């Protein structure tokens, strides 16, 4: 998917309408010293919000898109947040995830062509208690990508199980769902 000149205002509107931050915040269970990787953070809303909640931890916002990285750096500078690392990098090339206690994908995983590679690298480098959190469009949702691109809740569970991950919990939202996994 091409994200050059992406409309982050529309993304923000959709997030505010369909994905209540309080629900996400409660679901993710952040601890003050967590090290979180936000994959494909877009405008950086979650990365910036999470960084405020992990004063002794670190949040890494990783995106390949130059516009996204620039947007997040501007927001970080104006907010004064110091424990946010903004990285212009391709998640498909990352081989070591051992430093993270949580890895967060919000409406991103369905777009990745290297899912198997990422999950194999995660399972081989994770430490106990590492969590992967997904927010994805429900298959039947009328918003988001076409249905053939969306990943159903059961399909995501199958993908994760195939790679050796254990389902911890899930939650339905209006047009999305959240799921959490560990090793």
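What number, in percent, do you get for the relative contact order of the chain if the mean sequence gap of Cα pairs under 8 Å and at least 6 apart is divided by its residue count? After rounding, I find 18 percent.
With a simple spin-label model that places each label point 7 Å from the Cα along the Cα-to-Cβ direction, the separation between residue 77 and residue 183 comes to 3.9 nm. Bridges between two residues of the chain, per DSSP, are antiparallel at a rate of about 40%. Stretched out straight at 0.36 nm per residue, the stretch from residue 163 to residue 111 would grow longer than its current Cα-Cα span by 16.9 nm. Sorting 124, 49 by the number of Cβ atoms found within 10 Å of their own Cβ, with the fewest placed first, yields 124, 49. In this calculation the C-beta distance from residue 56 to residue 98 is compared with R0 = 22 Å, giving a FRET efficiency of 0.75. Sorted from longest to shortest, the spans of the Cα atoms of the range 32-182 along the three principal axes equal 40, 35, 27 Å.
Rule-based calculations on the coordinates, nothing more; no lab input. Predicted, not measured: the structure shown is a model, and the values here were computed from it. With ideal geometry, Cβ positions are generated from the backbone for all residues, glycine too; neighbour counts draw on all protein chains shown.
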